[in-house]
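**Q** One structure, as structure tokens, below. Some questions next.
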Amino acid sequence: MKQLVLASGNAGKLKELSALLAPLGIEVLPQSAFNVTEAEEPHPSFIENAIAKARHASRSTGLPALADDSGLCVDALGGAPGVISARFAGEPRSDARNNALLLEKLAGQADRRARFYCALALVRHADDPQPLIACGEWHGQILAAPRGTAGFGYDPAFIPEGHELTTAELDPDAKDAISHRGKAVRQMVAHLT
Ligand code: IMP
């Protein structure tokens, strides 16, 4: 069994990735098991930040590492909130304040197009010149008012294309099957296979 560190503290991501990678002979370990400090995410693109996080986790543990970086990009806002999605309305981070700010910025705006984006990066070692990259996008529209209680982040404000429910009203398993993160994970598994 080969070992891989997941550069994330999210238990849901660990469980999902462990299940997908176990059949490939890969054991996914949480970075908390190694006391990895929080990585800097100074870059303007998701892919650069995912690579930075993966390199940081690999450097701290001496193991191959997988990292993800994701967020919401709104067309009418030039791609914002983008890489600062989690802290769009500042610190301390708050999904409610982030959603309120998003809806305020889009007040009166007819173009409501947006997409969730997820970048995954896997490095074999900290200085790997050839990280494996996988990306997923999920297109939709931003509502005028939030709806639904499931999920997290901007889920209550986002209606995926072809749906009438927001991502906060969808069944979580149904969301994973079609989301930006689900697409990126399946692409990474295909690379590894
Ligand atoms: P993370 O880096 O994947 O933890 O996500 C960064 C931020 O992007 C989150 O805090 C959310 O604000 C937003 N985001 C990413 N993916 C989703 C999603 O599936 N639903 C809602 N918001 C998301």
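**Q** How big is D, in µm² s⁻¹, for the range 57-115 by Stokes-Einstein at 37 °C and 0.692 mPa s if Rh is the Kirkwood radius over C-alpha pairs? Can you show the working numbers first?
**A** Working: Rh = 13.2 Å.
So the translational diffusion coefficient is about 250 µm²/s.
**Q** Restricting things to alpha carbons, tell me how big the range 35-87 is in terms of Rg and Dmax, in Å.
**A** Considering the range 35-87 through its Cα atoms, Rg and Dmax are 12.7, 42 Å.
**Q** Starting from 0.36 nm per residue, how many nanometres of slack lie between GLU27 and ALA145 once their C-alpha separation is accounted for?
**A** So the extension gain works out to 38.3 nm.
**Q** SER60: net charge of surrounding residues, Cβ under 12 Å, Lys/Arg +1, Asp/Glu -1, itself excluded? Walk me through the intermediate numbers first.
**A** Values: positive: LYS53, ARG55, ARG59; negative: GLU38.
In short, +2.
**Q** Consider all pairwise Cα distances in the range 21-121 and report the whole-number % of them above 18 Å.
**A** For the range 21-121, the fraction of Cα-Cα distances above 18 Å is 57 percent.
**Q** Can you put LYS175, LYS53 in order of Cβ neighbours within 10 angstrom, beginning with the fewest?
**A** LYS175, LYS53
**Q** Which value, to two decimals, describes the C-alpha radius of gyration of the chain once divided by 2.2 N^0.38 Å?
**A** This ratio for the chain stands at 1.04.
**Q** Relative to the present Cα-Cα distance, how much length would full extension add between ASP75 and GLU137 at 0.36 nm per residue of separation?
**A** Going from the current span to full extension adds 21.0 nm.
**Q** What relative contact order, as a whole-number percentage, does the range 29-86 give when Cα pairs under 8 Å and 6 or more residues apart are counted?
**A** Answer for the range 29-86 is 28 percent.
**Q** On each of the three principal axes of the Cα atoms of the range 91-139, give max minus min coordinate, whole Å, ordered largest first.
**A** Principal extents (largest minus smallest coordinate, Cα): 47, 28, 13 Å.
**Q** Additional query: Run the quick spin-label model on HIS191 and ALA96: label points 7 Å from Cα toward the beta carbon, then report their separation in nm to one decimal.
**A** Here the modelled spin labels are 3.8 nm apart.
**Q** Please list the three semi-axes, largest first and in whole Å, of the ellipsoid equivalent to the range 81-193, using sqrt of 5 times the eigenvalues of its alpha carbon gyration tensor.
**A** For the range 81-193, the semi-axes come out at 28, 17, 12 Å.
**Q** Mean-square fluctuation check for the chain, GNM, Cα pairs under 10 Å: which of ALA110, ALA177, ALA67 is largest?
**A** Of ALA110, ALA177, ALA67, the Gaussian network model singles out ALA110 as fluctuating most.
**Q** Give, in nm to one decimal, the length gained when the segment between ASP127 and ASP171 is fully stretched (0.36 nm per residue of separation minus the Cα-Cα distance).
**A** 11.9 nm
Any read-out appearing in this document is the output of simple, stated calculations on the displayed coordinates, not a laboratory observation. The structure displayed is predicted, hence computed values, not measured ones. FYI the Cβ positions are ideal-geometry reconstructions off the backbone, even for glycines, and counts take in every protein chain you see.
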